[in-house]
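The values are calculated or read from the model by the stated rules, or taken from the named source; none is laboratory data. Note that the structure is predicted; figures quoted are calculated from it, not measured. A quick note on method: Cβ atoms are made from the backbone with ideal geometry, for glycine too, and the neighbour counts reach across all protein chains shown. Ligands, DNA and RNA are stripped out before the accessible areas are found, and what is left, the full protein with its side chains, is counted by its heavy atoms. Shrake-Rupley method; radii C 1.70, N 1.55, O 1.52, S 1.80 Å.
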Amino acid sequence: KRRKVFYIPGFDPFPPRRYRELYRSEAQKQSQISGYHISQTPLRIKDGFGWCVEGDIDGYRCQTDYEVLTWSDIVKTSMSDGIFSTYVQMMRTACIYMSTGALWDIVKLRKGPVIAALYPIGFLIVQAAIAAGVAWAFILMLLPFVGKFAIAGSIIVWPILALFRRLDGKIFAYYLMQDYAHSAQLKGAYPKDLEQRLLAFQTRVTDSIEQGKFDEILIVGHSSGAHLATSVLSGVIRSGKLAVSTMPIGFLTLGQVFPMVSFLPNARGLRSDMVCVAQCSDVFWVDVTAPGDGCAFALCDPLAVNGIATENDAGPLVLSAAFSQTLKPETWARLKRRFFQLHFQYLCAFDNVGDYDFFRITAGHKTLFERFGNRSHSQSRITTPIARYRDIA
């Protein structure tokens, strides 16, 4: 069996080799737990990055060409703003979500993503308050000695804020704030540079379909990469390439955050893309989330909660990765407060593997449809229409 995987990461400034190393290390862990064999070799891709996976699972061999469709350069550019600009972004993004009513709709879904959305705002405000408090204390201390020149104590505000900025690798306040700001800057519409990148991604997928040498093409989108992958796949569908191909197309979205964008007023294009993919019978769409992931809209059917689901929808199949059951108690206890690590758990090994096994899906002989075609939705799937903006392009 031969498979082609296109993986679209979320808002991540790190180079794609990070995902290669993550796949390598976690595949080895899962192999030891589950008793199968996976190996990796380099894969040369013109103007791209990927690796070749050899899977020997359940007595079947499978070769997977795994390609990362990267947009980390766009992320880096959007994250290059300084301290002052980030605070401006914070106020602007908060105004967009509140003035459009999107925030009040999101609150009605899952509290986890709401807390994750408010987390960077709260931390940035706390950091500013600490810096201002230290500066004020310094001014009061100097006031009896240097009089009006004590105002010079205010210059220590900036070094304190700069210190917090350097510590953001552990706090993630700036990172998350810039993530939300990037998604909301045009009230749900894609920026031009990202739009052009998605067209390039679409070309790479259609090229692989035209080659016709794979037994499955699997498109995987993680976090905000889930809605980007939806737009890429909808472009492939509209191009007509699937209509002349018999190759199975699998679509796997992990830890999705659709409502953060699709609930905004100018996300008409994304909402149209979601409907396009959901109604295409040539695509088998599986959406995997977990209630333990506070950064994802766990078990929220992306079309249903947006109020754009129809009777003609072929997908998505909404499944739970059930972290509290698929991880050992000691592993779950260690990870459940590390929200950032949990958000990447979909790409990692599980102690007690359930139906969802990322490495069987990407390196095993079964297509996504063969693996999940007989499954029904997880019982806790949320389908209540919430969004106020439901128009599509």
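Select, from I209, I237, the only residue that is of a type outside the set (G, A, S) and at pLDDT below 95.
I209
Just the residues that are in a loop (DSSP other than H, G, I, E, B) and either within 17 Å of the chain's Cα centre (by Cα) or among the basic types (K, R) (or both), please, taken from the stretch 190-204.
Matches in the stretch 190-204: Y190 only.
Among the residues of the stretch 51-85, which ones are within 30 Å of Q127 (Cα to Cα), in contact (Cβ under 8 Å) with a residue 40 or more places away in the chain and over 23 Å from the mean Cα position of the chain (by Cα)?
If the condition is that a residue be within 30 Å of Q127 (Cα to Cα), in contact (Cβ under 8 Å) with a residue 40 or more places away in the chain and over 23 Å from the mean Cα position of the chain (by Cα), then I83 is the only one that fits.
Got a sec? Which strands (runs of 3 or more DSSP E) wholly within the stretch 10-103 have at least 1 residues that are touching a Pro at 6+ places or on another chain (Cβ under 8 Å)?
So the answer is 49-57, 60-68.
Can you pull out every residue in the stretch 202-223 that is within 23 Å of R268 (Cβ to Cβ) and open to solvent by 10 Å² or more (accessible area, probe 1.4 Å)?
Q202, S223
Restricting to the stretch 284-307, name every residue that is open to solvent by less than 10 Å² (accessible area, probe 1.4 Å) and either farther than 20 Å from W104 by Cα or assigned to a helix (DSSP H, G or I) (or both).
W285, V286, D287, V288, T289, A290, D293, listed by residue number.
Hey, can you tell me all the residues within the stretch 299-338 that are among the small types (G, A, S) and within 19 Å of I33 (Cα to Cα)?
Within the stretch 299-338, A321, A322, S324 meet the criteria.
Given the residues F323, F340, F359, F350, which is the only one that is closer than 30 Å to D105 by Cβ, out of contact with any Gly (no Cβ under 6 Å at 6 or more places or on another chain) and open to solvent by less than 60 Å² (accessible area, probe 1.4 Å)?
After ruling out the rest, the residue left standing is F340.
Does the stretch 101-119 hold any residues that are modelled with pLDDT of 85 or more and either open to solvent by 10 Å² or more (accessible area, probe 1.4 Å) or in contact with a helix residue (DSSP H, G or I) (Cβ under 9 Å, 6 or more places away or on another chain) (or both), and which are they?
Listed by number, the residues that qualify are A102, L103, W104, D105, I106, V107, K108, L109.
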